[in-house]
Amino acid sequence: MPSAAIVATLAVTALVTSFISGILGMAGGMIFMGVLLALLTVPQAMVLHGVTQLASNGWRAVLWRTSIDWRVFRGNAYGSLAALAAFTLVQLVASKPVALLVLGITPFIGLAMPERLVLDVQRRGHPLLCGVICTGLQLVAGVSGPILDVFFVRSRMDRRQVVATKASIQSLGHIIKITYFGGLVGAAQRGSVDFWLGALMVALAIAGTTMSRRILERLTDASFRQWTRWAVMSMGVFYLASGTWLLLRP
């Protein structure tokens with residue numbers, strides 16, 4: 001079990017970031033992942049992040065279950081399982097600097113993608129592609145929200161459908177991440193996490209997600225997308241700087 005100071009830091013972060021994710025459908029997971037990477041080993045950070053975000057995203061999916069696009073979810077699931085199979089073959093675990101750099105550059109990859117690609121999660125074949133790409137990022141950097149957002153930004157979904165469908169997709173991604181780092185590579189890579197710490201993170205994630213629902217109801221679709229983009233770009237700059245510093249320090 002980590003020290004009391006670390007547990008307190010993780011507890012506050014889990015509550016606040018789940019509240020943020022409940023409003024924006026993302027960004028909170030990026031913040032929480034960065035804190036975990038600073039305090040724990042990469043496999044431990046991945047497992048605890050997966051457990052906490054599974055509670056946050058899973059509960060959000062339950063709250064907005066009537067708005068989930070199940071066709072998109074199914075296509076994404078096929079791609080996610082294919083990515084898990086590929087990673088299981090190579091047993092890849094990224095270092096902390098690499099994980100932070102990938103975490104930081106992800107939002108800018110999404111921004112730099114050319115218009116001609118026109119990624120849209122509602123188009124035929126795109127949910128499968130989304131599953132492959134986003135699960136690969138989940139298993140390297142721990143999060144995939146910024147790239148996942150690229151698949152939704154041109155969709156015809158309203159903010160409730162976006163949040164609900166992304167929550168269901170991210171829930172599956174976190175289950176896969178827990179399976180990979182907690183079982184498939186966890187034994188050799190110190191991926192175990194204390195049960196009570198995990199239970200505390202789950203409770204706080206559900207609490208933060210529940211508190212956010214009223215705020216989401218008050219947002220317009222336009223302001224929802226604007227705040228989401230601003231949040232993930234800010235986090236991207238911070239994690240690029242952090243990863244570069246870890247990579248270059250003596």
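Bear in mind these aren't lab numbers, they're just calculated from the coordinates by the rules spelled out. No experiment lies behind these values; they were computed from the predicted model shown. Cβ sites come from the backbone with ideal geometry, for glycine too, and all protein chains shown count toward neighbours.
Here the peptides 51-57, 17-23, 94-100, 84-90 are ranked by packing, the mean other Cβ count within 10 Å, and the order with the highest first is 51-57, 17-23, 94-100, 84-90. Here the convex hull built on the C-alpha positions of the chain has a volume of 118 cubic angstrom per residue.
Going by average Cβ density within 10 Å per residue, which order do the peptides 74-82, 157-165, 42-50 take, highest to lowest?
On the way: 74-82: 18.8, 157-165: 21.9, 42-50: 25.4.
Highest-to-lowest ranking by the protection proxy: 42-50, 157-165, 74-82.
Rank-order 199-208, 173-182 by packing density, defined as the average count of other C-beta atoms within 10 Å over each peptide's residues, highest first.
Values: 199-208: 20.3, 173-182: 23.2.
Going by the mean number of other Cβ atoms within 10 Å, highest first, we get 173-182, 199-208.
Estimate the FRET efficiency between Val237 and Leu81 by the formula 1/(1 + (r/R0)^6), using the beta-carbon distance for r and 25 Å for R0, to the nearest 0.05.
Values: r = 33 Å, r/R0 = 1.32.
The calculated FRET efficiency here is 0.15.
The distance between label points at Arg71 and Phe195 comes to 4.4 nm (points 7 Å beyond Cα on the Cα→Cβ vector). Put a dot 7 Å past the Cα of Ala112, heading toward its Cβ, do the same for Gln226, and the two dots end up 2.7 nm apart.
Adding -39500 (n - 2.57) for every DSSP H run of four residues or longer, then dividing by how many residues the chain holds, sets the calculated 222 nm ellipticity at -26000 deg cm²/dmol. Helix screen, the chain: DSSP H segments with Cα axial length of 18 Å or more and mean Kyte-Doolittle hydropathy at least 0.0 are 4-24, 42-63, 70-90, 96-112, 126-141, 159-179, 195-218, 221-248. The slack in the chain from Leu92 to Arg214, taken as 0.36 nm per residue of separation less the alpha-carbon distance, amounts to 39.9 nm.
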